[in-house]
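Presented below is the structure to which this report refers.
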Amino acid sequence: MKRRYILSILLVIVFTAIKGQPTEQYEKGTGEHLEVMLDNAYYLAGESVFYTIAYSCEKNGRNPEGITVFAELLDSVNFRLASACHRTDAEGYCRGALTIPAPASSGYYILRFYTYGMMAQGPQTYQYKLIPVLNPEKGISVVRDKDTYEGLHIEFLPEGNHWVSGLENKMVIKCRNFAGQALHCKALVTQNKRILDTLNFDKNGTASLRVTPYQDSLMKLLITTHDSILKEFLFPRPEKTGTTLFVNRIAHDSLFVKIGQNTTTHQKEKYTLWLKDHSKTISNLSFPLSNRDTILPLATETLADGLYELQLTDEKKQIVNQASFFLERPNEPEILIPAKSYKKGDSIRFEIR
């Protein structure tokens, strides 16, 4: 009786172990590797971290398509804040995003990526990314060297005395304290809770900036230390001239891009709209720009969901405007009709999923 009891327990343990194994086939020591590219170096609490993952394997003949890749966002004590699961395409790429919780405190957070094969070998084979996160909503941090940052102020010096909406602008920013001393610190340029650029002030307290502002949304400059926000400044409101470029609507098989022209200076010029991913140009479309807003459709039925870039160039092939967007198609209902043919008077039965 005791022997049967022990045998039953062993069978249950073996069955549970087999059932808990992943569905993909893997071997230890296959040399799987994940290369992860992020869309930014710094992030704000509440925004999304967009990433592109490239899968490779040292084992010859390993098909990179259909590999399951797990993505996780962890805090400093390895508590999981967000997670996602992706499948690689035929070239071994997959794209996705994880959202940082809005109440997250300022500090460093961990992005962790791994496959089933890496899971079998242990966490030492995972791919890790350390990202700094700032939360401006929780107020200005108190720093030890308070006197150094007393009376912190900023001078905005746009090139040509213009700060133009919808165009790439050049600007020099000077950072000084109350005593006029130049401050060697860092800053983040943000708009709509998205980080547009990071700045490093030199020993003279100056930093150069190239950015495209928009009239309908003010930009902010956050002066920071390692993980603290010292002060927040608003950029001067840009003049409403130049072009605007943004994604108007994403359908199942098409992307509609809205391009606005706020001046009449270059009406007759031909512009080209480019659609690109992280490594190559996917498509382009040339068109004349009018005074009214122009809406252009771009086919996306063959594209995977992920991070893409739009570029608008003039006749001299100079970039006039650019924007990034995350392609995520809406879920469309599936209609199932059991029969292939019907006679007159028959009732058509169908199922919507």
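If you take the residues of region 264-280 that are surrounded by fewer than 15 Cβ atoms within 10 Å (Cβ to Cβ) and more than 21 Å from Leu38 (Cα to Cα), which of them is modelled with the highest pLDDT?
Taking the candidates together, the pick is Lys270.
For region 312-327, taking the residues that are among the polar types (S, T, N, Q) and assigned to a strand (DSSP E or B), the one that is surrounded by the fewest Cβ atoms within 10 Å (Cβ to Cβ) is identified as Ser324.
Residues in region 84-103: is at least one without any contact (Cβ under 8 Å) to a residue 40 or more places away in the chain, over 28 Å from Thr302 (Cβ atoms), surrounded by 15 or more Cβ atoms within 10 Å (Cβ to Cβ) and hydrophobic (A, V, I, L, M, F, W, C)? Even if it seems obvious, please write down each step before you answer.
Taking region 84-103 first, the residues without any contact (Cβ under 8 Å) to a residue 40 or more places away in the chain are 84-88, 90-92.
Pick out the ones that are also over 28 Å from Thr302 (Cβ atoms) and you get none.
Scanning region 84-103, I find no residue that is without any contact (Cβ under 8 Å) to a residue 40 or more places away in the chain, over 28 Å from Thr302 (Cβ atoms), surrounded by 15 or more Cβ atoms within 10 Å (Cβ to Cβ) and hydrophobic (A, V, I, L, M, F, W, C), so the answer is no.
Take the residues in region 43-59 that are surrounded by 18 or more Cβ atoms within 10 Å (Cβ to Cβ) and not in a strand (DSSP E or B), then tell me which one is farthest from the chain's Cα centre (by Cα). By that ranking, first place goes to Ala45. Tell me yes or no: at least one residue of region 168-177 is within 30 Å of Leu298 (Cβ to Cβ) and either modelled with pLDDT under 70 or surrounded by 15 or more Cβ atoms within 10 Å (Cβ to Cβ) (or both). Looking through region 168-177, at least one residue is within 30 Å of Leu298 (Cβ to Cβ) and either modelled with pLDDT under 70 or surrounded by 15 or more Cβ atoms within 10 Å (Cβ to Cβ) (or both).
How many of the residues in region 70-110 are part of a loop (DSSP other than H, G, I, E, B) and more than 20 Å from His33 (Cα to Cα)?
Kept after step one, since they are part of a loop (DSSP other than H, G, I, E, B), are these residues of region 70-110: 75-79, 88-92, 100-106.
With the extra rule that they be more than 20 Å from His33 (Cα to Cα), the set shrinks to 75-79, 100-106.
Number satisfying all stated conditions: 12.
Conditions (1) modelled with pLDDT under 90; (2) outside the structural domain of Thr198 (by TED's automatic domain parsing); (3) closer than 24 Å to Ser324 by Cα; (4) in contact with a Lys or Arg (Cβ under 9 Å, 6 or more places away or on another chain), marked per residue:
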position: Tyr51; (1), (2), (3), (4): no, yes, yes, yes
position: Tyr55; (1), (2), (3), (4): no, yes, yes, no
position: Gly61; (1), (2), (3), (4): yes, yes, no, no
position: Ser76; (1), (2), (3), (4): yes, yes, no, no
position: Arg95; (1), (2), (3), (4): no, yes, yes, no
position: Leu98; (1), (2), (3), (4): no, yes, yes, no
position: Ser106; (1), (2), (3), (4): yes, yes, no, yes
position: Thr115; (1), (2), (3), (4): no, yes, no, no
position: Gly122; (1), (2), (3), (4): yes, yes, no, no
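Among residues of region 118-143 that are under 30 Å from Glu58 (Cα atoms) and polar (S, T, N, Q), those with a beta-carbon under 7 Å from a residue that is part of a helix (DSSP H, G or I) and modelled with pLDDT of 80 or more at least six positions away or on a different chain give the pairs Thr125/Met118.
The values are calculated or read from the model by the stated rules, or taken from the named source; none is laboratory data. Everything numeric in this text was worked out from a predicted model, so none of it was measured. A quick note on method: Cβ atoms are made from the backbone with ideal geometry, for glycine too, and the neighbour counts reach across all protein chains shown.
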